[in-house]
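What follows is calculated from the coordinates using simple rules that are stated; it is not laboratory data. None of the values given here were measured: they were computed from a predicted structure. Positions of Cβ are generated from backbone atoms using ideal geometry, with glycine treated the same way; all protein chains shown enter the neighbour counts.
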Amino acid sequence: MEIHVDKDACVGCGLCVKDCPMNVYELQNNVSVAVRPNNCMGCLSCHEICPAQALEHRGIYAARRHYIDIKVCEMLRKVV
Amino acid sequence: MSAGYIDEMHEAFHSDLVYRSEDIPLECSPKPREMEQTLHGVMKLNGLVIRSLEEIAGRGANAVTYRAGKKFGHEVAKYFQKREDVEGALHELSDLLRGQYSFEVWKPEDKETFIIEENGETFIYLVFHDCIVRQTLRRNGLEQGGPLCQTLFGYVVGAIEEITGRKAKLEIVHTGPNACLKKLILK
């Protein structure tokens, strides 16, 4: 697992540090650093909680998403 | 109601198909893409049932759903091969859950084996990736880890008990949008 933190985007709020059950992140000089990436099990709670969207995971298994409404997505594609 | 509408309705439910009682359907009908509305309907209904159950029964809701899941796990797994080793049982279980749930055994990097012994208990970490329960909860904006998750807990515990003959317990360690970490405690 490779975790990339965008240092320019990270606001140093520490939410990922607090939320990660496996203590993958640590705050260093007010920026989040993935110090134990091998402990990451890919839950992506950190992605959901990060207000700056500063995180990127590589080599992750993306779970199936059945709750995405295809019709809504089709409408959004027309707008966006 | 106009006669035209009734004719139209009858027309919609009429076909020239010959259906014999011995006919066994070999594939889903209609195609999964056309089932999306049905799937969303079932997810919505499940979410509402769980929300109502929680409102009426409070914490007792967990016990009800856990029990239901456990019975289901025992029921389904009794047709599977009995095994004493937990790894084998988990393999059987992943076959059993295919299509609805997918999971893998997992360990933190400081642990050497997947079967961990700590504070007098033996356990295995399981990471659940694909999960119909999580999808349902997110579809309905419900919190993870509540009564609907207990059905899966019961299901896994029931199936493991049935396959190995050993008592087991499942605990939530963490729930996330893409995966959940659970602890299978063996007794």
Filter the range A:52-80 down to the residues that are among the small types (Gly, Ala, Ser) and more than 9 Å from every other protein chain (Cβ to nearest Cβ), then identify the one that is nearest to A:Glu2 (Cα to Cα). A:Gly59
Considering only residues of the range A:26-51 that are more than 14 Å from chain B (Cβ to nearest Cβ) and not in a loop (DSSP other than H, G, I, E, B), which is surrounded by the most Cβ atoms within 10 Å (Cβ to Cβ)? A:Ser32
Has the range A:3-14 got at least one residue that is in contact (Cβ under 8 Å) with a residue 40 or more places away in the chain, within 14 Å of chain B (Cβ to nearest Cβ), out of contact with any Gly (no Cβ under 6 Å at 6 or more places or on another chain) and outside any loop (DSSP other than H, G, I, E, B)? yes
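Yes/no per residue for (1) over 26 Å from A:Cys40 (Cβ atoms); (2) under 11 Å from the mean Cα position of the chain (by Cα):
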residue: B:Leu90; (1), (2): no, no
residue: B:Leu93; (1), (2): no, no
residue: B:Leu96; (1), (2): yes, yes
residue: B:Val105; (1), (2): no, no
residue: B:Arg134; (1), (2): no, yes
residue: B:Gly141; (1), (2): yes, no
residue: B:Val156; (1), (2): no, yes
residue: B:Lys169; (1), (2): no, no
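Have a look at B:Gly73, B:Gly88, B:Gly60, B:Gly47 and point out the one that is small (Gly, Ala, Ser), closer than 30 Å to B:Phe114 by Cα and out of contact with any Asp or Glu (no Cβ under 8 Å at 6 or more places or on another chain).
Working: B:Gly73 fails: out of contact with any Asp or Glu (no Cβ under 8 Å at 6 or more places or on another chain); B:Gly60 fails: closer than 30 Å to B:Phe114 by Cα; B:Gly47 fails: closer than 30 Å to B:Phe114 by Cα.
Sole residue among the options that is small (Gly, Ala, Ser), closer than 30 Å to B:Phe114 by Cα and out of contact with any Asp or Glu (no Cβ under 8 Å at 6 or more places or on another chain): B:Gly88.
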Reported set for the range B:101-111 where residues are farther than 20 Å from B:Val86 by Cβ and more than 8 Å from every other protein chain (Cβ to nearest Cβ) is B:Asp110
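Results for (1) among the β-branched types (Val, Ile, Thr); (2) more than 10 Å from every other protein chain (Cβ to nearest Cβ); (3) buried (at least 16 other Cβ atoms within 10 Å of the Cβ), shown as yes or no for each residue.
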| site | (1), (2), (3) |
| --- | --- |
| B:Thr113 | yes, yes, no |
| B:Ile116 | yes, yes, no |
| B:Gly120 | no, yes, no |
| B:Asp130 | no, no, yes |
| B:Arg138 | no, no, yes |
| B:Gly146 | no, yes, yes |
| B:Thr151 | yes, yes, yes |
| B:Thr175 | yes, no, yes |
| B:Lys187 | no, yes, no |
Can you name the number of the only condition in (1) under 15 Å from B:Met43 (Cα atoms); (2) outside any loop (DSSP other than H, G, I, E, B); (3) touching a Leu at 6+ places or on another chain (Cβ under 9 Å) that B:Glu143 fails? (2)
One residue is enough: does the range B:91-100 have a residue meeting the conditions within 14 Å of chain A (Cβ to nearest Cβ), of a type outside the set (Gly, Ala, Ser) and assigned to a strand (DSSP E or B)? no
